[in-house]
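Here the structure is laid out as structure tokens; the discussion comes afterwards.
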Amino acid sequence: MSVIEVNHLSKSYRLHRKEPGLKGSIKSLFQRHYEEIIAVHNISFYVEEGEFLGLIGPNGAGKTTTLKLLSGILHPTHGEAHVLGFTPWQRSEDFLRCIGFVMAQKGQLWWDIPPLDTFLLNKEVYGIPANEFDRQLDEMVTMLEIGDRIAVQARKLSFGERMKCEIIASLLHNPDIIFLDEPTIGLDIVSQKQIWDFLKRYNRQYRKTIILTSHYLGDVKKLCDRVIMISQGEIAYDGALSTLIHRYAPFKTLTIHFADGVPTREAIESHGELLESLGDRVVLRVNREDTETAIMAIASKFEIYNLLVEEPQIEDVMVNIFANLSPQA
């Protein structure tokens, strides 16, 4: 069942452009020049109940704008969207109780009080029963390993600790749909993994629908089966992450260690693109469909004592994709 339906949704801004200096300031009093900035243009997609969807794309692509439209923070210029049957920008009380929003760049914790006080405030705002509040809080602080820090002033917490508390604050009222905007940006690998593990378990255990935006592609690879790639405000791809990688990275990397020294460059390059040659090791890039043939041909000619076949790094693939993106028709 689709819990989010988006149809031809667009959002644009009208920005004032002023010439520099005093002359420009005076001129703008009588003749103002505006420029239309298109943040999201004619996007359509759906999200099923319990799905973990990743929104990816380069900076300024429209990812955060899309989340703000779906959460009702922004009104669209054109189009429509329904989230759990609600029109988001009407901001009804029933709708707001059904969603949670975590924004790494804009927190909800009060700087001078402990996160626990923010949690208790949210308990009253959402009318969460005491027993449910205690159960939810105990479970989440245990899963995120943050129990000994929620009584400390927010300003004294590390960035990773604050982000864990932001997640808890957004989920205490048990929302059905969760929007996550860059939840692990700037975190160390330990904090990243703890948040990954928590979100994956939370999604599977409670069948919550989660939409994630991230510039850190490890987030997407660890958590999302389906991704929507946005480029210049339009959808450039919607489908499985694995299919996207295969489409834009039709190659694999072979790292070969030769027993009798490295063969000549000509002998190696007849089987693929030579990336590196050092000592007894050669790194070769071959077409995905030719991988087995290349390995068999090299092994039949030379003695190999070690061979490693690797998929391309997702970060390298995405750099290539972002550099060559064009929105789909």
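Looking across region 1-11, the residues that are open to solvent by 40 Å² or more (accessible area, probe 1.4 Å) and either in a helix (DSSP H, G or I) or modelled with pLDDT of 95 or more (or both) come down to 5, 7, 8.
Out of everything in region 293-308 that is of a type in the set (A, V, I, L, M) and more than 20 Å from residue 279 (Cβ to Cβ), what residue ends up being surrounded by the fewest Cβ atoms within 10 Å (Cβ to Cβ)?
296
Hey, does region 242-252 have a residue that's modelled with pLDDT of 85 or more, farther than 30 Å from residue 55 by Cα and buried (at least 17 other Cβ atoms within 10 Å of the Cβ)? Within region 242-252, not a single residue is modelled with pLDDT of 85 or more, farther than 30 Å from residue 55 by Cα and buried (at least 17 other Cβ atoms within 10 Å of the Cβ). Taking the stated definitions as given, is residue 155 more than 16 Å from residue 196 (Cα to Cα), open to solvent by 60 Å² or more (accessible area, probe 1.4 Å), assigned to a helix (DSSP H, G or I) and modelled with pLDDT under 95? Yes, satisfied. When we screen 169, 130 for residues that are aliphatic (A, V, I, L, M), more than 19 Å from residue 54 (Cβ to Cβ) and open to solvent by less than 20 Å² (accessible area, probe 1.4 Å), the only hit is 169. Looking at the structure I just gave you, is residue 164 open to solvent by less than 60 Å² (accessible area, probe 1.4 Å), more than 23 Å from residue 197 (Cβ to Cβ) and of a type in the set (Lys, Arg)? Spelling it out, it is not the case that residue 164 is open to solvent by less than 60 Å² (accessible area, probe 1.4 Å), more than 23 Å from residue 197 (Cβ to Cβ) and of a type in the set (Lys, Arg). Scanning region 66-91 for residues that are polar (S, T, N, Q) and surrounded by fewer than 22 Cβ atoms within 10 Å (Cβ to Cβ) yields 77, 87, 90.
At least 1 residues being more than 25 Å from the chain's Cα centre (by Cα) is the threshold, and among the strands (runs of 3 or more DSSP E) wholly inside region 182-280 those reaching it are 251-258, 273-278. Contact map, region 119-135: residues that are in a loop (DSSP other than H, G, I, E, B) paired with residues that are open to solvent by less than 60 Å² (accessible area, probe 1.4 Å) and charged (D, E, K, R), Cβ distance under 8 Å, separation 6+ or inter-chain. No pairs are found.
The values are calculated or read from the model by the stated rules, or taken from the named source; none is laboratory data. These numbers come from a predicted model, not from an experiment. A quick note on method: Cβ atoms are made from the backbone with ideal geometry, for glycine too, and the neighbour counts reach across all protein chains shown. We work out accessible area using only protein heavy atoms, side chains counted, and drop any ligands, DNA or RNA first. Shrake-Rupley method; radii C 1.70, N 1.55, O 1.52, S 1.80 Å.
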